[in-house]
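The values are calculated or read from the model by the stated rules, or taken from the named source; none is laboratory data. Since the structure is predicted, the reported quantities are computational estimates derived from the model, not experimental observations. Note that we place each Cβ from the backbone using ideal geometry, even for glycine, and neighbour counts take in every protein chain shown. Each accessible area value is taken on the protein alone, full model and side chains, heavy atoms only, with ligands, DNA and RNA left out. Shrake-Rupley method; radii C 1.70, N 1.55, O 1.52, S 1.80 Å.
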Amino acid sequence: MNFGIVFSVLGSLLRFLGPMMLVPLGVALYYGESPYPFAVAFSFTTIVGSILSFRYSSSDEREWEKREGFAIVAFGWFAAALFGSIPYMFDGVTFLNALFESMSGFTTTGATVFVDIETHSRSLLFWRSMTQWIGGMGIIMLFIAILPKLGVAGRQMFRAEAPGPKEDQLKPRIRETAKILWAVYVSISVVELLLLLIAGMSFYDACTHTFTTMACGGFSPYADSVAAFNSPLIEGIITLFMFIAGANFALHYKTLYSDKKSLLKDNEFKFYFVIVGLATVLLTLILWRDTPDSIPTSFRYAVFQVVSILTTTGYATTDFNLWADSGKVVLLAMMFIGGCAGSTAGGIKVVRLLLLLKYARSELFKAIHPKAVRPIKFNGKSVPVDIMHAIISFVVIYFLIFLVSSAILSIFGMDLTSSITASIATLGNIGPGFNIVGPMANFSTIPDIGKLVLIANMWIGRLEVFTVIVMLTPEFWRR
């Protein structure tokens with residue numbers, strides 16, 4: 001491991017992150033709030049970044065290996081959350097809670113320890129939402145897009161940040177791919193912002209909710225989340241853009257600029273659409289049966305919550321913690337799936353579920369016809385065996401982390417439902433769970449050790465397990 005390279009790039013990343021804090025500083029000045037927290041955070045982050053960058057600048061010319069890429073991405077995300085927590089502490093939030101909130105922001109989880117959200121400054125809540133938008137397409141992805149000197153080394157970082165089963169490199173150069181994905185992300189964000197303004201939101205609310213919708217993050221400056229607006233039109237716009245953000249952004253680009261039918265041809269997107277449709281119909285019928293709501297009202301709540309939970313956004317238009325168990329089971333199933341590969345959503349990802357189902361069907365076929373050769377196909381192409389092995393390994397490790405973290409939470413006094421849903425809600429970067437971590441509740445009552453576990457879950461889940469877990473293996477640190 002060449003630590004000089006790691007520290008040098010982390011320094012550049014912090015120098016890149018620091019100036020972003022000037023945006024909420026401007027918001028603070030606009031609303032007559034103290035800019036001091038963001039001025040200090042900007043200065044400290046930039047100074048530390050400059051010291052690291054210049055101290056280890058001679059390491060930039062050395063050859064990179066995969067382990068450097070993994071370390072930079074993993075520690076880069078943690079460093080962003082760590083330095084991003086500084087403004088929270090100036091608002092009276094303890095260090096652990098500040099780190100929790102910051103990690104939840106950058107990883108687009110949306111779990112919060114804030115008890116009274118509206119009591120915090122508007123500039124802090126703006127930064128809280130902005131961190132999700134930055135983290136949505138990826139901190140490292142943005143870093144690669146802007147910093148030209150990374151060159152070939154950027155490929156290692158790109159793959160470490162988005163190690164999914166599908167390759168989303170649109171151009172031969174990784175930097176060009178990163179720029180394209182961010183351009184599509186920004187463009188769609190602008191469209192949502194304009195539509196929310198037309199729907200009656202203030203510019204501040206439209207910005208903060210656009211940030212957290214496109215990032216599939218779910219932070220809202222209101223304790224009641226999207227329910228605070230009580231507007232079917234706003235809910236409809238947010239539902240549409242959550243669905244868009246939960247799909248593959250590389251396919252969005254291809255649909256806009258090359259093949260108009262790219263999304264419709266993609267097996268993962270079609271399966272994603274089917275999941276949303278079936279879950280919405282099922283949940284609508286359950287709500288219509290178990291509540292006094294009409295079918296249109298039941299559909300309104302059902303489609304919003306299905307898309308919100310499946311895309312791991314975590315917004316709420318109602319307290320689904322009060323629903324019957326049958327309705328909760330539908331949402332719990334969505335928590336274990338997540339959005340599409342190449343999206344801003346978290347979770348296991350639709351493509352992995354689809355390929356696992358195809359693999360299971362293939363094994364059943366082999367049980368009947370042991371000599372037959374039946375390859376697993378995705379989008380008309382055979383899936384290599386090593387890809388299937390990687391998917392199976394991912395799912396096994398994912399569930400092991402889920403079980404261990406659930407067990408630790410229950411050991412420290414949390415009830416089983418809260419432990420399970422808090423664990424999957426953070427590992428899948430979803431946000432709310434059930435019981436004490438429900439959509440209208442928060443994570444403030446969780447013991448400190450439990451919060452540390454959930455911070456680790458958010459970090460591991462956002463980087464799709466392998467990038468962080470691989471550093472726990474002895475082989476990673478051997479020469």
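Here are some notes:
- Relative to one another, the C-alpha centroids of segment 365-405 and segment 242-311 are positioned 25 Å apart.
- The chain - mean residue ellipticity at 222 nm from DSSP helices (-39,500 (n - 2.57) per run, n ≥ 4, rounded to 500): -20500 deg cm²/dmol
- In order along segment 25-39, the phi-based Karplus estimate (6.51 cos²θ - 1.76 cosθ + 1.60, θ = phi - 60°) of 3J(HN,Hα) comes to 4, x, 5, 4, 5, 4, 8, x, 9, 5, x, 3, x, 7, 5 Hz; Gly and Pro are listed as x.
- Value of relative contact order over segment 1-125, rounded to a whole percent, pairs C-alpha under 8 Å and six or more apart: 31 percent
- Alpha-carbon centroids, segment 205-222 and segment 407-428: separation in whole Å: 25 Å
- The peptide list 197-210, 390-403, 366-379, put in order of mean Cβ contacts within 10 Å with the highest first, becomes 197-210, 390-403, 366-379.
- Amide hydrogen proximity for Gly438: with H placed 1.01 Å from N in the peptide plane, the residues at 5 or more positions away or on another chain lying under 5 Å are Gly433.
- When the P(r) is computed for segment 1-111, the part past 21 Å accounts for 41% of the Cα-Cα pairs.
- Solvent-accessible surface of the chain, averaged per residue with a 1.4 angstrom probe and all protein chains in place: 41 square angstrom.
- Across segment 271-321, Cα-Cα pairs farther apart than 12 Å form 59% of the total.
- Mean separation of Cα contacts under 8 Å (6+ apart) over length of segment 273-379, as relative contact order %: 18 percent
- Short-range pairs are left out: with C-alpha atoms under 8 Å and at least six residues apart, the relative contact order of the chain is 17 percent.
- Structure-derived semi-axes √(5λ) of the Cα gyration tensor in Å - corresponding label in (i) 31, 30, 22; (ii) 59, 25, 22; (iii) 34, 27, 20: (i)
- Cα gyration tensor shape for segment 1-42, rounded if a/c is under 1.5, else prolate or oblate: prolate
- Amide hydrogen neighbours beyond the local backbone of Phe378, cut-off 5 Å, H modeled: Val383
- For Lys349, a cut-off of 19 angstrom between C-alpha atoms picks up these aspartates and glutamates, skipping any fewer than 8 places away in its own chain: Glu161, Glu167, Asp168, Asp266, Glu268, Asp386, Glu464.
- Convex hull volume of the C-alpha atoms in segment 321-463, normalised per residue: 133 Å³.
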